[in-house]
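So the structure is just underneath, and the comments pick up after that.
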Amino acid sequence: MDYYSVSQMADKWGISERSVRNYCANGRVQGAFLTGKTWNIPENAVKPERKNKKGN
């Protein structure tokens, strides 16, 4: 399995790097883990839904 960096996932998901780091730190990205200070995110990880998203 290949792993992406925070910047690569931010580009893929269309969000900021800070948001990706927060998702990982809060355990919302399945399979993401830290190596030193670097997050490793599985290539098939699913972008978490926003908690503050307004409903219909």
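Read-outs: derived from the displayed coordinates by stated rules, not from any lab. Note that the structure is a prediction, hence the values are computed from the model and not measured. Neighbour counts run over all protein chains shown; Cβ positions are idealised from the backbone, glycine included.
Key figures
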{"item": "Under 15 Å, Cβ to Cβ, from R18 - net charge with Lys/Arg +1 and Asp/Glu -1", "result": "+3"}
{"item": "Cleavage-rule hits, trypsin sites (Lys or Arg not before Pro), the range 24-56, DSSP coil, Cβ neighbours within 10 Å at most 13", "result": "K37, R50, K51, K53, K54"}
{"item": "Within-15-Å neighbourhood charge of N44 [Cβ basis; K, R +1; D, E -1]", "result": "0"}
